[in-house]
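See structure below.
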Amino acid sequence: MTGTPVLDVRNLTRVYGDGATEVRALDGVTLRVERGEYVAVTGSSGSGKSTLMNILGCLDTPTTGGCLLDGVDVGRLTDAQLALVRNRRIGFVFQEFSLIPRISAVANVELPLAYHGIKPAERRRRAMSALDLIGLADRADHEPHQLSGGQQQRVAVARALVTESALLLADEPTGNLDSHATEELLSVFDELNAAGRTIVIITHEPGVGARADRLITLFDGRIVEDSRQEPAGRHAAAA
Amino acid sequence: MSLPEIVRSAFRGIGANGPRSLLTVLGILIGVAAVILLVAVGNGSAQGGSNTLTIMGTGLTMKIAESLDDPVLAPGVRSVSPVAGTSAILTWEGAEHRSDSFMGTVPGWFTAADSPVETGAIFTADDEAQARRVVVIGRTVAEELFPGTDPVGQRVTVGGALFSVIGVLKEKRDAGDTAVAPISAVQQVLAGYGPLSAILVEAGDASPADTVEGQVSAILDTKLEPGSYRVVNASQPLETRTATARAFTTLLGAVAAVSLLVGGLGITNIMLVTVAERTREIGIRKALGAPRRVILAQFLVEATLLSVIGGGLGVAVAYLGSHFSIAGVQPVIVPGSVALVLGVSVLIGIFFGGLPAVRAAGLRPIDALRYP
């Protein structure tokens with residue numbers, strides 16, 4: 001692997017509350033993710049995986065420790081610069097309700113580009129090609145409530161990759177999906193990774209974690225296992 | 001994100017909460033319409049005064065009255081009404097009423113004195129020329145002499161002569177106990193051909209009463225001893241009326257302004273609810289990289305839009321309402337008040353929408369996303 005790592009996290013801690021009620025959600029997490037990796041972070045509930053995801057996505061700030069995103073130390077950035085980083089370098093897929101209601105799928109995909117300051121015509125073109133990539137171009141004018149849960153999540157993926165971001169962060173993206181929709185979404189991730197995208201996916205489902213080529217397990221705010229694996233089911237998706 | 005896009009998305013936000021937005025708009029609408037209409041009512045009551053001069057004095061004659069109707073020396077005069085007044089006892093079928101104000105005058109008096117008839121008709125110039133014995137009576141006289149009977153068409157005895165009642169005056173403050181007849185008939189039967197008791201001069205619309213007063217005085221000075229007459233400018237008592245009306249307008253305006261303020265609080269309320277409801281959406285937008293100012297602008301524009309729509313509809317309602325007389329006053333809209341109120345309603349949107357907007361923009365993305 002060459003070049004700057006996409007993620008370079010050093011000795012991250014995040015403490016909620018203080019004194020007797022103090023909770024150490026993250027307790028010294030150090031982690032490097034290289035370009036093109038497909039990483040799954042698993043752990044039981046309360047293990048700190050959501051907290052890690054929020055800090056990696058610049059939605060929350062660590063109590064101590066530093067986080068370099070694509071070589072940029074996000075701890076030193078102002079509010080406005082953080083907004084810019086979230087816009088340009090990270091694509092999010094949340095567990096549920098991650099689309100803005102009452103606007104069409106394509107308008108949802110366009111949103112990051114709108115905040116990016118891109119002209120409407122160019123926006124529409126790029127949003128359509130992102131929707132095409134995840135196979136929902138024919139649903140572009142549907143509003144979120146007219147789409148199934150799986151389709152909504154795939155639109156969210158399109159929105160996450162439309163800015164050509166360095167990192168795709170997905171927080172329990174399959175949490176509310178049935179097995180068929182889960183399979184569809186995961187094969188989208190497989191394709192994206194095959195095309196060179198860096199993906200970090202948070203999940204508690206072993207089947208989802210098995211698709212990644214690196215599995216990180218958190219327990220009580222620490223990394224207890226970090227192993228490379230032969231991704232399962234990838235060939236089936238490719239075939 | 002450009003302003004037109006933000007405005008479009010604000011319209012969508014307003015439309016999404018139809019009934020709630022409607023009620024908020026209604027609050028502003030009522031406030032704005034109330035301010036404009038009540039100020040218009042106050043203004044209308046100030047403009048209700050007549051534009052008439054009353055000349056009183058000794059030695060006023062029909063000749064002098066005629067000399068005032070001079071388009072060259074007194075171009076501002078619209079009409080001249082000589083008045084021969086006396087007191088008289090009117091009787092009808094045994095009923096008797098004494099009026100201290102039995103006036104002989106010309107038809108022009110009715111407009112000059114702003115005393116139109118309610119039922120029947122006024123007498124004509126021909127009646128006056130022929131000295132016909134017809135009379136228009138005031139409301140008090142009508143009620144005293146003809147309780148329960150329509151006075152029009154009855155004949156009353158005044159000073160031994162029979163007068164036909166042809167009309168009843170519209171009720172007017174302190175002026176009900178009066179009777180008006182052609183001056184020629186009154187002089188013949190009652191008052192004699194002595195001096196007039198007063199001359200009413202009505203100024204034209206374009207001429208201020210003060211200007212006309214100067215013109216009239218110049219003519220009178222050539223005919224009468226200076227000091228033997230005086231000109232009462234009705235717009236002088238009008239000034240005190242205006243002061244009262246101004247106090248009245250201020251009071252009404254203040255009451256209405258309070259209702260506008262309450263409308264503004266309605267905007268704060270709905271925007272706070274909207275922000276709370278859309279907290280998760282704000283979180284997602286922030287996660288997608290929405291800068292603070294875009295979130296701020298989005299909610300600010302939405303609030304301002306609500307208040308502007310309410311303000312615009314309020315102005316429309318006020319214009320409609322001003323066609324009807326309110327509490328006996330014909331409202332006259334003050335253009336300044338419309339501009340002021342529209343401006344204020346925009347400011348209300350920005351001010352009262354500001355707090356919720358700042359709150360939305362200041363949310364940390366993680367808190368917004370975790371909002372239940």
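Could you list, in sequence order, all residues of the stretch A:132-147 that are of a type outside the set (A, V, I, L, M, F, W, C) and modelled with pLDDT of 85 or more?
Residues satisfying the conditions are A:Asp132, A:Asp138, A:Arg139, A:Asp141, A:His142, A:Glu143, A:Pro144, A:His145, A:Gln146.
Quick one: which strands (runs of 3 or more DSSP E) sit completely within the stretch A:1-100 and have at least 1 residues that are buried (at least 18 other Cβ atoms within 10 Å of the Cβ) and out of contact with any Leu (no Cβ under 8 Å at 6 or more places or on another chain)?
So the answer is A:23-33, A:38-42.
Just name the residue that is surrounded by the most Cβ atoms within 10 Å (Cβ to Cβ) out of those in the stretch B:293-333 that are in a helix (DSSP H, G or I) and among the aromatic types (Phe, Trp, Tyr).
Within the stretch B:293-333, the subset in a helix (DSSP H, G or I) is B:293-321.
Now restrict to residues that are among the aromatic types (Phe, Trp, Tyr): B:299, B:319.
Working: B:Phe299: 26, B:Tyr319: 15.
Filtering first and then ranking leaves B:Phe299.
Counting only residues that are at pLDDT below 85 and basic (Lys, Arg), which one in the stretch B:135-179 is farthest from B:Ile122 (Cα to Cα)?
B:Arg173
Determine, yes or no, whether B:Val358 is under 23 Å from B:Ala257 (Cβ atoms) and either hydroxyl-bearing (Ser, Thr, Tyr) or part of a helix (DSSP H, G or I) (or both).
no
Of all residues in the stretch B:337-372, how many are touching a helix residue (DSSP H, G or I) at 6+ places or on another chain (Cβ under 8 Å) and either of a type in the set (Val, Ile, Thr) or more than 12 Å from chain A (Cβ to nearest Cβ) (or both)?
21
Could you count how many residues in the stretch A:70-112 are free of Cβ contacts under 8 Å to residues at least 12 places away in the same chain and under 21 Å from A:Glu37 (Cα atoms)?
Final tally of qualifying residues: 1.
Determine, yes or no, whether A:Ala166 is under 13 Å from the mean Cα position of the chain (by Cα), over 19 Å from B:Arg280 (Cα atoms) and buried (at least 18 other Cβ atoms within 10 Å of the Cβ).
On the way: under 13 Å from the mean Cα position of the chain (by Cα): yes; over 19 Å from B:Arg280 (Cα atoms): yes; buried (at least 18 other Cβ atoms within 10 Å of the Cβ): yes.
Yes, satisfied.
Any residue in the stretch B:274-282 that is more than 13 Å from B:Ile28 (Cβ to Cβ) and more than 14 Å from chain A (Cβ to nearest Cβ)?
The answer is yes, given that some residue of the stretch B:274-282 is more than 13 Å from B:Ile28 (Cβ to Cβ) and more than 14 Å from chain A (Cβ to nearest Cβ).
Would you kindly identify the strands (runs of 3 or more DSSP E) lying entirely within the stretch B:76-170 that contain at least 3 residues that are free of Cβ contacts under 8 Å to residues at least 40 places away in the same chain?
Ranges flagged: B:161-169.
Please determine, by comparing only the residues of the stretch A:86-115 that are at the interface with another protein chain (Cβ under 7 Å from one of its Cβ atoms) and of a type in the set (S, T, N, Q), which one is farthest from A:His204 (Cα to Cα).
For the stretch A:86-115, the residue satisfying everything is A:Asn87.
Filter the stretch B:74-113 down to residues that are surrounded by fewer than 14 Cβ atoms within 10 Å (Cβ to Cβ) and of a type in the set (A, V, I, L, M, F, W, C) and give me whichever is nearest to B:Leu145 (Cα to Cα).
B:Ala95
The values are calculated or read from the model by the stated rules, or taken from the named source; none is laboratory data. Not measured: the values here are computed from a predicted model. So basically every Cβ, Gly included, is an ideal-geometry build from the backbone, and we count neighbours across all protein chains shown.
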